[in-house]
Amino acid sequence: QVQLVESGGGLVQPGGSLRLSCVASRSIFSRAAMGWYRQTPGKERELVARFTTYGSTEYVDSVKGRFTISRDNSMNTVYLQMSSLKPEDTAVYYCNAVTSPMSTYWGQGTQVTVSS
């Protein structure tokens, strides 16, 4: 059974930092391209950051220089370190795992709210 479990969301003031974690089932972590997406009400889910098939990283322009995606293979965990947070970063953040063009998995989401 494939599971992605996110944690680390919460309320933070503008300019603050948060680190999101996603623990994945061992069965997929080693072979999946992992990433983070986010979604706000009324908008489509958008890519925030991800590891590509070749192990490089990609970021949406709005978070470049502020967010960092990383992974700990020994813990089957992918992280999203978010710094210099802005109110427009407020969203539900989802962990994503892609094992093939036809196999995409999602976590349950974790709420990030940036507000003073």
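The values are calculated or read from the model by the stated rules, or taken from the named source; none is laboratory data. Only a predicted model underlies this, so the values are computations on that prediction, with no experimental measurement involved. Here the Cβ is made from the backbone with ideal geometry for all residues, glycine too, and neighbour counts use every protein chain on show. Calculation scope for accessible area: heavy atoms of the full protein, side chains included, ligands and nucleic acids excluded. Shrake-Rupley method; radii C 1.70, N 1.55, O 1.52, S 1.80 Å.
For the chain, the Cβ-based charge dipole about the Cα centre amounts to some 160 debye (Lys, Arg positive; Asp, Glu negative; other atoms uncharged).
Per atom type, segment 56-116 shows carbon and sulfur on 50% of its accessible surface, probed at 1.4 Å.
How many percent of the accessible area of segment 1-53 is carbon or sulfur, using a 1.4 Å probe? Carbon and sulfur together cover 46 percent of it.
For residue 85, the shell of other residues with beta-carbons less than 15 Å away shows a net charge of +3, using +1 for Lys and Arg and -1 for Asp and Glu. Across segment 17-33, rounded Karplus estimates of 3J(HN,Hα) from the backbone phi angles (6.51 cos²θ - 1.76 cosθ + 1.60, θ = phi - 60°) give 10, 8, 10, 8, 10, 9, 9, 10, 4, 4, 5, 10, 4, 5, 10, 9, 8 Hz, Gly and Pro being marked x. Relative to one another, the C-alpha centroids of segment 1-37 and segment 79-105 are positioned 7 Å apart. Can you bin segment 8-116 into rounded, prolate or oblate? Criterion: square roots of the alpha carbon gyration tensor eigenvalues sorted a ≥ b ≥ c, rounded for a/c under 1.5, prolate for a/b above b/c, oblate for the rest. Judged from the Cα gyration tensor, segment 8-116 comes out prolate (a/c at least 1.5, a/b above b/c).
Only Cα pairs under 8 Å and 6+ residues apart enter the sum, and on that basis the relative contact order of segment 12-66 stands at 22 percent.
In the chain, Cα pairs under 8 Å separated by at least six residues give a relative contact order of 36 percent.
Dividing the helix sum by the residues of the chain, where each DSSP H run of 4 or more adds -39500 (n - 2.57), gives a mean residue ellipticity at 222 nm of -500 deg cm²/dmol. Solvent-accessible area per residue in the chain equals 55 Å², computed with a 1.4 angstrom probe and all protein chains kept.
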